[in-house]
Amino acid sequence: MSFDINSIIKAVEEAKAKAKRRRFVQSYELIIRLRDYDVKNQANRFNITLALPHQLPEKVPRVCAIMSGAMVLAARDAKADLVLTREDVEKLAGNKKEIRKLANSCDYFIASPDLMVLIGRVMGQILGPRNKMPEVVQPNADIKAVIERLRRSVRVRIKDQPQIQCRVGTESMDPKAVAENIMAVLDEVIRRVSPEHVDSIVIKLTMGPPIVVKPASE
């Protein structure tokens, strides 16, 4: 079972053609429908961060860097959307309102290894359930590369329904670029759930009608 990229490009173009123009930039949504897949089994569920080939220009994720020492300056030089220090985290202790505000304002968090225990203690109860606990960045890592990867990433997950839904592009993007993002998600999903469990995929703009794409084998 496989999906043909040309069919996906055609579906992307059709989704745009059939959607009404809006006063905002609409996103392409990908819905992957599964069959004969037991979502009640926790082992079959997953929640991953996947880097796409192409960044979504109007929907760039915000990255918060929580750093210590020289990594603070490195994160600022790398143009992280927000940089917090040890002192900043300590000031948040007990202030759930501000931590929630922070969690809602940033899509991804990264942190230096020495701050993970503090972050877990102060922010873990709020970041954890949102799947936003920081990705650990080692002192010798290229922080700019990490941030750039996260800015073209999406969350791909299966929860309590046999389907996966994620954003894969915006209507300002070239259809081929959107299709390549879709293929990246499909490849990862098929690798995890096996091809026979993929029933079909749906491509749509935010306010547009769904376009169904069947596997090429059909």
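Observations on the model:
- Test set (1) outside any loop (DSSP other than H, G, I, E, B); (2) surrounded by 17 or more Cβ atoms within 10 Å (Cβ to Cβ); (3) within 15 Å of the chain's Cα centre (by Cα); (4) not polar (S, T, N, Q) - Ala179 fails condition number: (3)
- Any hit, the range 167-176, residues being under 23 Å from Val63 (Cβ atoms) and hydrophobic (A, V, I, L, M, F, W, C): yes
- Residue satisfying all of: in the range 86-129; surrounded by fewer than 17 Cβ atoms within 10 Å (Cβ to Cβ) and among the polar types (S, T, N, Q); farthest from Arg151 (Cα to Cα) among these: Asn95
- Flag for Ala103 being at pLDDT 95 or above, assigned to a loop (DSSP other than H, G, I, E, B) and under 19 Å from the mean Cα position of the chain (by Cα): no
- If you go through the range 102-120 and keep only what is touching a helix residue (DSSP H, G or I) at 6+ places or on another chain (Cβ under 9 Å) and closer than 18 Å to Ser68 by Cβ, you end up with Leu102, Phe109, Ile110, Ala111, Ser112, Asp114, Leu115, Leu118, Ile119, Gly120.
- Residues (under 26 Å from Tyr108 (Cβ atoms) and in contact with a helix residue (DSSP H, G or I) (Cβ under 6 Å, 6 or more places away or on another chain)) located in the range 13-33: Tyr28, Leu30, Ile32
- Single condition Val39 does not satisfy, out of (1) assigned to a helix (DSSP H, G or I); (2) among the β-branched types (Val, Ile, Thr); (3) touching a residue at least 12 places away in the same chain (Cβ under 8 Å): (1)
The values are calculated or read from the model by the stated rules, or taken from the named source; none is laboratory data. A quick note: this is a predicted structure, and the numbers were derived from the prediction, not measured. All Cβ positions, even for glycine, are placed from backbone atoms using ideal geometry, and neighbour counts span all protein chains on display.
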